[in-house]
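Please treat every number below as a calculation from the coordinates, not as lab data. None of the values given here were measured: they were computed from a predicted structure. Glycine gets a Cβ as well: all are built from the backbone with ideal geometry, and neighbour counts include every protein chain shown.
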Amino acid sequence: MTLEIIVCVKQVPDTENLSGEAMKEDGTVNRSALPAIVNPEDLNALEMAVQIKEAHGARVTALSMGPPRAAEALRECLYRGADRAILVTDRRTAASDTLATSYVLSRAVRKAGLADLVLCGRQAIDGDTAQIGPQLAEKLGLPQFTYVEEIRKIDGHSLEVKRSLDGGYEVLRGPLPALLTVTSSANQPRPPSAKRLMRYKKALAPCECPGEASEDALLGLRARGLLIDQWDADDIEADISACGGSGSPTRVKKIESVKLQSEGQKQVEPSREGLGALVEELSKEHIFD
Ligand SMILES: Cc1cc2nc3c(=O)[nH]c(=O)nc-3n(C[C@H](O)[C@H](O)[C@H](O)COP(=O)(O)OP(=O)(O)OC[C@H]3O[C@@H](n4cnc5c(N)ncnc54)[C@H](O)[C@@H]3O)c2cc1C
């Protein structure tokens with residue numbers, strides 16, 4: 001059995017390493033000033049795919065829609081076990097909301113040749129909506145399993161997954177092909193392999209090649225398995241009115257920069273009365289009942 005698995009990966013700003021210049025004056029994120037990383041839960045999805053490959057045999061394709069710089073995220077996936085990488089990049093897809101993003105990804109998955117499994121992270125740490133996986137499943141007409149922590153069984157036709165719930169879990173069975181969204185509790189993503197890093201650091205998307213890359217240069221990269229496929233909206237036969245701003249009904253009404261501040265400390269007398277007053281206060285505030 002060789003399963004075809006597509007893992008959707010998003011390049012995101014590293015929100016854990018925000019510096020003073022991370023925000024613009026208008027309160028929006030200054031993406032160019034932030035280090036870019038692979039969205040953390042997408043690495044969990046990739047790890048799940050690579051574990052399936054190791055146990056059952058599979059070809060793992062990493063797919064990202066973004067600016068040319070998103071090719072960095074795809075190389076990271078190649079270092080961690082992906083076999084193929086596809087970058088969908090086109091200025092006409094900029095300013096896409098989740099509806100337009102999932103449309104573009106659905107066209108790319110179809111062009112890649114519908115997979116047995118499409119894996120997404122549960123949620124991106126910047127957009128934070130967790131809408132892409134479910135929207136993509138709808139557009140591809142696939143059954144969806146969200147919040148997946150574990151694939152318990154899989155063969156060429158069906159799978160059984162453990163899905164996390166608030167305070168518990170459920171086990172679901174269903175047919176393939178299917179789309180899964182994967183949580184951070186699923187696994188510990190492996191670090192990049194030194195051997196793969198040495199090999200794939202030379203992998204390039206055409207948009208990264210210096211000057212106009214010649215046909216021969218691209219053919220050479222492909223022959224060595226080092227070409228990151230690059231598709232635009234025409235390559236995936238996307239309806240341009242459904243892409244970018246024109247395909248995005250969401251409008252950002254207001255952006256607010258929230259500054260979290262601690263309210264300072266309070267000292268409690270180490271006595272029966274002091275502790276009694278503290279318990280009463282916490283109870284009044286419903287911090288505990
Ligand atoms: C009006 C509007 C304009 C916007 N304009 C821009 C813009 O110009 N540039 C921009 O970068 N963002 C823009 N965004 C944000 C953009 O809509 C979201 O980042 C994107 O749709 C993904 O949503 P999310 O981050 O909430 O992902 P989630 O739904 O939280 O992501 C879940 C999973 O889906 C997959 N996924 C998500 N996005 C991608 C992707 N691009 N490629 C591959 N897999 C993916 C990943 O597996 C991810 O873990 C805009 C949003 C709005 C509302």
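Observations on the model:
- For the chain, share of DSSP beta bridges that run antiparallel, in % to the nearest 5: 40 percent
- FRET E, pair residue 209, residue 185, Förster distance 41 Å, beta-carbon r, rounded to 0.05: 0.55
- Sparsely packed loop sites in the stretch 245-289 (the trypsin sites (Lys or Arg not before Pro) outside DSSP H, G, I, E and B with at most 12 other Cβ atoms within 10 Å) comprise 251, 253, 254, 259, 266.
- The coefficient of translational diffusion for the chain, derived via Stokes-Einstein from the alpha carbon Kirkwood radius under 25 °C and 0.890 mPa s, stands at 116 µm²/s.
- Taking every alpha-carbon pair under 8 Å whose residues sit at least 6 apart, the chain reaches a relative contact order of 22 percent.
- Rounded to the nearest 500, the helix-only mean residue ellipticity at 222 nm of the chain stands at -8500 deg cm²/dmol, with each DSSP H run of n ≥ 4 adding -39,500 (n - 2.57).
- With K and R counted +1 and D and E -1, the other residues having a Cβ less than 14 Å from that of residue 186 yield a net charge of 0.
- Neighbours of residue 237 by Cβ distance under 9 Å: Lys/Arg scored +1, Asp/Glu scored -1, total 0.
- In this simple spin-label model, placing a label point 7 Å from the Cα along the Cα-to-Cβ direction at both residue 216 and residue 286 gives a separation of 7.3 nm.
- Between the stretch 244-289 and the stretch 135-154, the Cα center-to-center distance that results, in Å: 35 Å
- Estimated inter-spin distance, residue 153 and residue 266, nm [label 7 Å along Cα→Cβ]: 5.5 nm
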